[in-house]
Amino acid sequence: GATSNVLLTLVSVESTDNCLTPLSETSTVTVNPNPTATIDSNNGPICINQSAEFTVSGTAGATLTYTIDGGSNQTTTLTGGTAIITESGATSNVLLTLVSVESTASSVTPFSSTSTVTVNPNPTATIDSNKGPICINQSAEFTVSGTAGATLTYTINGGSTQTTNLTGGTALLTESRV
């Protein structure tokens, strides 16, 4: 488990098509020290029917759970870091057992801060149609559709690469050297 504060920093996110988005989001989980409790003293020995008193100190404001003589759990608050636990009318030895101590600063609390990394879908492009067959000296036309605004790289007849923007999600590619 963590013994000191833990800082998470998101550096980047990369999609399967190598789109890289730099990030600088951070979130810190604060680790508070565990609360403590110690039995400092008792008022023994006492006489029958007197009150047994135990002085407990520890983390101020913490809730102390304890039992007397193995009975059911009871709680008290370490107000100012101290509590006096009293068992009135003792007729035999009184045993105080500390079960647990819990501080609001150290108890498990739900973490409600969130961060979302949006990963956009990979762009697409598909040849929808072509204007063919055509006659010699007519222009060849291809209609391509895909992700609006994406840049499409293509070749015609294995020539040099060309690019066009899929404005509105479509592009008309024309080759007039047929």
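The values are calculated or read from the model by the stated rules, or taken from the named source; none is laboratory data. As the structure is a prediction and not an experimental result, all values here were calculated from the model. So basically every Cβ, Gly included, is an ideal-geometry build from the backbone, and we count neighbours across all protein chains shown. With ligands, DNA and RNA removed, areas are computed over all heavy atoms of the protein, side chains included. Shrake-Rupley method; radii C 1.70, N 1.55, O 1.52, S 1.80 Å.
A few points about this structure:
- Prolate/oblate/rounded label for the chain (Cα gyration tensor, a/c 1.5): prolate
- Look at the dipole of the chain built from charges on Cβ: of 46, 27, 104, the Cα furthest out on the positive end belongs to 27.
- Once C-alpha pairs closer than 8 Å and six or more residues apart are averaged by separation and normalised to the residue number of the chain, the relative contact order reads 14 percent.
- Of the solvent-accessible surface of the range 1-101, computed with a 1.4 Å probe over protein heavy atoms with every protein chain present, carbon and sulfur atoms account for 50 percent.
- Calculated FRET efficiency for the pair residue 20/residue 141, C-beta based, R₀ 41 Å, to 0.05: 0.70
- Surface per residue (accessible, 1.4 Å probe) for the range 1-87, Å²: 66 Å²
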